[in-house]
Amino acid sequence: MNKTVLLFVTLFSFISSTAQYSKEWKEPSKESQAYSQQREQITEPPYGLDKVEALINVIKEDEEGNHVMDKKTYQSLTLRQKFTYHMLHAESYSQNCDGYPTLQDEHKKIFGHLPELFGEEEWSERQLKFFTGNKDSVIKLMKLCIEKDKRIGLNFKHAIVEMNAKEMIPFLVKIYDMERKDHDILTVLLLLMKNNEYEPFLASSSNKKLYGDDSRYYEAYLVLNKANQDLIIKRATDYHNGISK
């Protein structure tokens, strides 16, 4: 096949696939878009917030694209200020070349994974060690913020999963049951059961659908209905009760 023919075939294939995508794609409903925006909201801890934000704004990018606060400045922060810093800022650059496609009817789904938190950035090893090394304090500070705001920001949800804070399951259930509107709280419960290899969950059809070989990572979901809500809460509660004995 000569170059001219190959170019024509490639161009035709691209146009055909683009046309097919345009034909199938539709804009999500306003309700779906509003819920999608809600899923991405973070919690801004109040502890030294103005000071921490000012320090974040002057951090210089290194040769690898990371934005790391210098050690001297970092060590001068109190534990609460460090908590605020980590919840608002990711130090490590991690390019994500694949953009997420638009999802339909997000408000009608219980997803297997949380939305991305920092885009092309992620928490550094130093930041993850802060969470795990100060787990009790981090949980206490998160609970204070959550009880005040009556909501759990995306950054807090990611931190709970990163710390494997399974002791927070009763608290998460309590917050979810207040309105049953933030279904990513159920996602956190699912991830805690999965990551801790809770056998009754691993053997379930829910696990296969969300995390099996044929699942599509962030697109995988369970239908939002009372039966699924209640089942996730029951399994998570049973898991917590089992490890608390």
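Where the only charges are on Cβ atoms (+1 Lys, Arg; -1 Asp, Glu), what is the dipole of the chain about its Cα centre, to the nearest 20 debye?
On the way: 34 positive and 37 negative charges, 164 e Å.
Computed charge dipole of the chain: roughly 780 debye.
Quick one: if you stick a label point 7 Å off each Cα along the C-beta vector at Ile42 and Arg126, how many nm between them?
For the pair Ile42/Arg126, the computed spacing is 1.7 nm.
Which semi-axes, in whole Å and largest first, does the equivalent ellipsoid of region 196-245 have when worked out from the alpha carbon gyration tensor as the square roots of 5 times its eigenvalues? Don't jump to the answer; show the numbers that get you there.
Values: eigenvalues 89, 41, 12 Å².
Computed over region 196-245, the values are 21, 14, 8 Å.
Where in region 57-159 are there trypsin sites (Lys or Arg not before Pro) that are in a DSSP coil and have at most 12 other Cβ atoms within 10 angstrom of their Cβ?
Numbers: sites: Lys60, Lys71, Lys72, Arg80, Lys82, Lys108, Lys109, Arg126, Lys129, Lys135, Lys140, Lys143, Lys148, Lys150, Arg151, Lys157; in loops: Lys60, Lys150, Arg151.
Hits after loop and neighbour filter: Lys60, Lys150.
With respect to the cross-link table entries Lys51/Lys140; Lys109/Lys150; Lys135/Lys157; Lys157/Lys234; Lys26/Lys234, which display a Cα-Cα separation exceeding 25 Å? List each step's numbers first, then the result.
Details: Lys51/Lys140 21 Å; Lys109/Lys150 22 Å; Lys135/Lys157 14 Å; Lys157/Lys234 20 Å; Lys26/Lys234 36 Å.
Cα-Cα > 25 Å for Lys26/Lys234; rest within.
Taking amide hydrogens as modeled 1.01 Å from N in the peptide plane, which residues meet the under 5 Å criterion relative to Asn66, leaving out close sequence neighbours?
Tyr93
Please report Rg over Rh for the chain, where both radii come from the alpha carbon positions and Rh follows the Kirkwood definition.
Numbers: Rg = 21.2 Å, Rh = 20.3 Å.
Across the chain, the Cα-based Rg/Rh ratio is 1.04.
About the Cα centre of region 144-240, how large is the charge dipole given +1 on each Lys and Arg Cβ and -1 on each Asp and Glu Cβ? Please answer in debye to the nearest 20. Each step should come with its number before you reach the end.
Values: 15 positive and 15 negative charges, 52 e Å.
Rounded to the nearest 20 debye, it is 240 debye.
Tell me, how many Å apart are the Cα centres for region 121-193 and for region 23-60?
Between the Cα centre of region 121-193 and that of region 23-60, the gap is 16 Å.
Residue by residue through region 78-83, what is 3J(HN,Hα) from phi via Karplus (6.51 cos²θ - 1.76 cosθ + 1.60, θ = phi - 60°)? Round to whole Hz and write x for glycine and proline.
Going residue by residue, I get 6, 4, 5, 5, 4, 4 Hz, with x marking Gly and Pro.
Name the residues whose placed amide hydrogens come within less than 5 Å of the amide hydrogen of Lys109, ignoring near sequence neighbours (fewer than 5 apart) on the same chain.
Correct list: Leu224.
Under a crude label model (7 Å from the Cα following the beta-carbon direction), how far is Ala227 from Glu63 in nanometres?
Output for this residue pair reads 5.9 nm.
Neighbouring Cβ atoms within 10 Å as the yardstick, rank Ile42, Ile160 fewest first. Before the final figure, lay out each step's value.
Working: Ile42 16, Ile160 26.
Lowest to highest Cβ neighbour count: Ile42, Ile160.
Per DSSP H run of n ≥ 4, the term is -39500 (n - 2.57); total these for the chain, divide by its residue number, and report the mean residue ellipticity at 222 nm rounded to 500 deg cm²/dmol. Before the final figure, lay out the partial values.
Numbers: 13 runs with 144 residues, N = 245.
Result for the chain, helices only: -18000 deg cm²/dmol.
Given a Förster radius of 51 Å and the C-beta distance between Glu31 and Thr78 as r, what FRET efficiency does 1/(1 + (r/R0)^6) yield to the nearest 0.05?
Values: r = 42 Å, r/R0 = 0.82.
Result of the calculation: an efficiency of 0.75.
Rounded to whole Hz and in sequence order, give me ³J(HN,Hα) for region 127-132 from the Karplus expression 6.51 cos²θ - 1.76 cosθ + 1.60, θ = phi - 60°, writing x for Gly and Pro.
Running phi through 6.51 cos²θ - 1.76 cosθ + 1.60 with θ = phi - 60° gives 6, 5, 5, 4, 4, 6 Hz.
Points 7 angstrom from Cα along the Cβ direction at Ala54 and Glu199: gap in nanometres?
For Ala54 paired with Glu199, the spin-label model returns 5.7 nm.
Rank Ser36, Leu144, Leu49 by how far each Cα sits towards the positive end of the charge dipole of region 24-153 (+1 on Lys, Arg Cβ; -1 on Asp, Glu Cβ) and give me just the farthest.
Of the candidates, Leu144 comes out farthest on the positive side.
Readers should treat all values here as calculations from the given coordinates under stated rules, not as data from a laboratory. All values reported here derive from a predicted model rather than from experimental measurement. A quick note on method: Cβ atoms are made from the backbone with ideal geometry, for glycine too, and the neighbour counts reach across all protein chains shown.
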